[in-house]
Amino acid sequence: MKEPWSHRFVEANGLRFHCVTAGEGPVVLLLHGFPEFWYSWRHQIPALAAAGFTVVAPDLRGYNDSDKPEGIEAYRISEIVEDVAGLIRAFGQEGALVVGHDWGGAAAYAFAMLHPEMTRALAVLNCPHPAAFGPALFGGKNLDQMKRSWYMFFFQLPGLPEQLLAANNFRLLKLFAYATARRGTFTPGDLKAYTEAFAKPGALTAAINWYRAMFRRPQPAVREFPKIGAPTLIIWGERDHFLGKELTRGMTQHFSGKFSIRSLPGVSHWVQQEAPARVNGLLLEFFKEFKKRET
């Protein structure tokens, strides 16, 4: 059966990125999280393309078939932001509708703050605003979130996380991520695809280096984050084992544009894969107004 998308490589920010694309119309850029790659958007790509959008789902730097620069500093969020800007330009656009999940959500927030002129609209799935997450993780006042984020501290060790996650055909990596999802969310074929992506040379270290880079830089004060002016939708699966729902409280103060949050009870962190029909419906409804303005 022919895939409902195509594969291509583009140059952006000095690196070579593998992208999956489909459809025609305004560009929607889908940014994946950890431990994933473009494949985490397999349910969204056809739906958005069928609705009249050009969908671009890249493997972010360090993942799967995209370039994997060496060193922790190469995975600073400032570098990721310029990757996103470069990807949009590589597709001949001056801006895009940006959607991010998990680490892709963190990149999307940062991109919307640093490149407001390129952010047509923003949708973030199960990723807290950095002004909330930084204090929760490093402030010492949210012990529950610090426990949930134990793996982020473990990832700071050199070498050992890679060894443990890769052992027994990535058994721990699969359990760490996918045992927290509703049964049936991931098929054996899905797990095989993820295992193959992380078995590629340098991929596991590169993905973990995103976390190491986060710990290398002082956390900005809340007042240092510019408000996001782009229309924003937050989608939050409430049964998230890694991120507490309390991180969504008070989010409106960080946005000056139209803002809404939609919670999905009973849905885990892997929201777009566990509840694809609901997520697709929310994204399409959110992007409908933009689509009208473009046509």
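The values are calculated or read from the model by the stated rules, or taken from the named source; none is laboratory data. Only a predicted model underlies this, so the values are computations on that prediction, with no experimental measurement involved. For neighbour counting, all protein chains shown are included, and Cβ atoms are generated from backbone atoms with ideal geometry for every residue, glycine included.
Residue 103 meets all of the listed conditions (1) surrounded by fewer than 18 Cβ atoms within 10 Å (Cβ to Cβ); (2) hydrophobic (A, V, I, L, M, F, W, C); (3) closer than 24 Å to residue 55 by Cβ but one, namely (1).
Taking the stated definitions as given, is residue 159 at pLDDT 95 or above, on the phi > 0 side of the Ramachandran plot and loosely packed, with under 15 Cβ neighbours inside 10 Å? Taking the combined requirement at face value, the residue satisfies it.
Among the residues of the range 56-105, those identified as in contact with a Leu (Cβ under 8 Å, 6 or more places away or on another chain), charged (D, E, K, R) and in a loop (DSSP other than H, G, I, E, B) are 61, 67, 102.
Being crowded, with 21+ Cβ neighbours inside 10 Å and within 23 Å of residue 78 (Cβ to Cβ) is a property that residue 139 lacks. Looking at the range 164-190, which of the residues that are over 20 Å from the mean Cα position of the chain (by Cα) and in contact (Cβ under 8 Å) with a residue 24 or more places away in the chain is nearest to residue 208 (Cα to Cα)? Of everything passing the filter in the range 164-190, 165 is nearest to residue 208 (Cα to Cα).
Kindly indicate the residue of the range 1-35 that is among the acidic types (Asp, Glu) and out of contact with any helix residue (DSSP H, G or I) (no Cβ under 7 Å at 6 or more places or on another chain) and also farthest from residue 79 (Cα to Cα) among those meeting that condition. Checked the range 1-35; the qualifying residue farthest from residue 79 (Cα to Cα) is 3. Of all residues in the range 133-151, those satisfying the criterion of being assigned to a loop (DSSP other than H, G, I, E, B) and more than 19 Å from the chain's Cα centre (by Cα) are 139, 140, 141, 142. For the range 33-63, the set of residues classified as among the charged types (D, E, K, R) and farther than 19 Å from residue 88 by Cβ consists of 36, 42, listed by residue number. In the range 249-279, the qualifying residues are those that are of a type in the set (S, T, N, Q) and surrounded by 19 or more Cβ atoms within 10 Å (Cβ to Cβ), and the one that is nearest to residue 98 (Cα to Cα) is 272. Residue 100 meets the conditions (1) modelled with pLDDT under 95; (2) closer than 17 Å to residue 287 by Cβ in every case but one. The failed one is (1). Looking at 60, 48, just one residue is touching a strand residue (DSSP E or B) at 6+ places or on another chain (Cβ under 7 Å), closer than 26 Å to residue 214 by Cα and aliphatic (A, V, I, L, M), and that residue is 60. Which members of the range 229-278 meet the condition of being among the aliphatic types (A, V, I, L, M) and either over 17 Å from residue 184 (Cα atoms) or touching a Cys at 6+ places or on another chain (Cβ under 9 Å) (or both)? Answer for the range 229-278, where residues must be among the aliphatic types (A, V, I, L, M) and either over 17 Å from residue 184 (Cα atoms) or touching a Cys at 6+ places or on another chain (Cβ under 9 Å) (or both): 230, 233, 234, 235, 243, 247, 251, 261, 264.
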